[in-house]
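Okay, so here's the structure we're looking at.
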Amino acid sequence: MVFKFLHLADVHLDTAFQSRSPQMRSFLRASLREAFRSAIDLAISEDCHALLVAGDLFDNETLSFTTERFLLQQMNRLREKNIAVFYAAGNHDPSGISYRAARMDWPANVHIFRSRRPEEVPLSDSEGNIRAVIAGAGHEGKRESENLAALFPPAGSREIPHIGLLHALVTGAGGSQDHERYAPCTLEDLREKGYKYWALGHVHAGEIISEDPHVVYSGSLMGRNARETGSKGVYLVEIHANDVKIDFRPLAPVRWENITVDSLEKAANFDDLQNIITGSVQEYFAGEYPPERVFLRLNLTGPCPLYKELNSPENIAVLEEELSFALNLDYIEIKVENLLPPVNPDHHRGKPHILGALLAVIDSVNADEEMLLKLAPEVLAGYQKKGDEAGKLLYLKSLLAGIDFEAAVRLLEADKL
Ligand SMILES: [Mn+2]
């Protein structure tokens with residue numbers, strides 16, 4: 001028997017989008033709903049047996065009446081097509097009695113894994129044969145600190161596929177450092193259960209952590225800021241006996257990209273600046289924009305003669321506007337925190353002034369490893385290994401990288417930069 005389902009997670013319907021303008025906020029919220037509606041469309045058009053939601057379907061504090069109604073309508077569309085929904089609560093939509101998920105009027109096809117104690121729910125076909133067993137557990141509160149995965153029962157049967165559904169942090173997964181350690185577990189905790197597929201939520205980057213068995217973060221359904229870049233969507237999964245086929249389907253109407261431009265040394269005026277940036281962005285996309293609406297964060301970094309001008313919010317706003325027009329992008333935000341004044345330490349080396357002398361000291365320490373070890377403090381914050389002199393030297397040199405530049409910026413008067 002075949003079991004076909006969609007795995008999605010981290011939709012975060014009605015994200016606050018606090019730092020955005022009211023117009024942008026409502027656009028992004030509408031885009032999240034659009035992405036979710038597309039997932040429902042896909043589950044229906046692909047004749048899925050189930051939709052698996054691995055938590056953070058919405059943000060408990062900010063879910064509006066309109067979106068609550070929208071969500072229930074979408075679940076009802078699945079009910080009309082006989083598609084089951086399995087939903088394991090996450091830390092943003094916990095299932096405890098005082099939270100929204102517990103009080104909503106979910107249609108009968110929706111099974112919510114509310115308890116942090118895992119339970120197993122069989123899914124049968126019209127003749128009563130068990131197609132699959134979904135094992136899931138939910139976050140009852142906002143800060144689940146226990147390893148919930150460890151409590152899951154091992155798969156009893158080899159014939160019937162067992163699917164795990166959980167919002168959890170698998171330690172060591174890519175992007176896991178960006179997320180809170182809620183319901184932490186190891187890959188081994190999941191592997192040893194004998195399940196065919198683990199549908200996970202929490203890490204927004206999305207990752208196939210293992211293929212035997214499949215342990216998968218679907219990632220956020222839509223990127224919500226410049227840290228969640230690239231194509232976003234769901235996994236369409238088909239399990240037939242021992243064969244597990246998974247297919248990523250992009251669904252988000254919006255896609256974030258994050259581009260760093262660090263070649264601004266020659267940007268002497270506004271036109272130069274625009275030309276360099278548009279060139280870099282076009283190169284990044286290699287002449288072909290993705291099909292989604294692109295939201296772009298531009299990080300301007302490194303030395304730039306327009307350093308001071310780019311400190312003005314008004315100038316940034318004009319640059320953002322002109323660039324989005326020139327590049328035909330829906331939205332651009334520019335970050336200049338890592339921009340530097342156009343200093344070249346080489347121009348000051350060997351000169352008879354304080355900066356010249358300081359640069360000479362820096363250069364001599366850089367070239368003299370014995371001296372460097374002698375100057376290093378006993379305890380180093382970032383390097384604790386004992387007895388590894390080569391490693392310690394590498395670490396010390398990494399600390400010195402760019403210090404000549406730093407010295408020049410600090411010692412030169414602003415108008416001489
Ligand atoms: Mn999340």
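The values are calculated or read from the model by the stated rules, or taken from the named source; none is laboratory data. All figures in this text were calculated on a predicted structure; none of them were measured in a lab. All Cβ positions, glycine included, derive from the backbone under ideal geometry; neighbour counts span all protein chains shown.
Worth pointing out:
- Note on the stretch 1-22: residues that are away from the ligand (no atom under 16 Å from the Cβ) and either among the small types (G, A, S) or not in a loop (DSSP other than H, G, I, E, B) (or both) total 8.
- Verdict on G90 being within 16 Å of the ligand (Cβ to nearest atom) and either more than 19 Å from A35 (Cα to Cα) or not aliphatic (A, V, I, L, M) (or both): yes
- Selected residue [farther than 26 Å from K4 by Cβ and away from the ligand (no atom under 15 Å from the Cβ)] from I97, I163: I97
- So L200, is it within 16 Å of the ligand (Cβ to nearest atom), at pLDDT 95 or above and not charged (D, E, K, R): yes
- Some residue of the stretch 171-194 being in a loop (DSSP other than H, G, I, E, B), closer than 17 Å to A50 by Cβ and more than 15 Å from the ligand (Cβ to nearest atom): no
- Subset of the stretch 100-145 (residues that are among the small types (G, A, S), in contact (Cβ under 8 Å) with a residue 24 or more places away in the chain and away from the ligand (no atom under 16 Å from the Cβ)): A108, S115, A132, A135, G136, A137, S145
For (1) closer than 23 Å to Y197 by Cα; (2) among the charged types (D, E, K, R), each residue gets a yes or a no:
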{"residue": "R77", "(1), (2)": "no, yes"}
{"residue": "K81", "(1), (2)": "no, yes"}
{"residue": "F86", "(1), (2)": "yes, no"}
{"residue": "E127", "(1), (2)": "no, yes"}
{"residue": "R131", "(1), (2)": "yes, yes"}
{"residue": "I134", "(1), (2)": "yes, no"}
{"residue": "K142", "(1), (2)": "no, yes"}
{"residue": "E146", "(1), (2)": "yes, yes"}
{"residue": "A150", "(1), (2)": "yes, no"}
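- When E180, E144, E192, E140 are checked against the criterion of being over 29 Å from I83 (Cα atoms) and surrounded by 15 or more Cβ atoms within 10 Å (Cβ to Cβ), E144 stands alone in meeting it.
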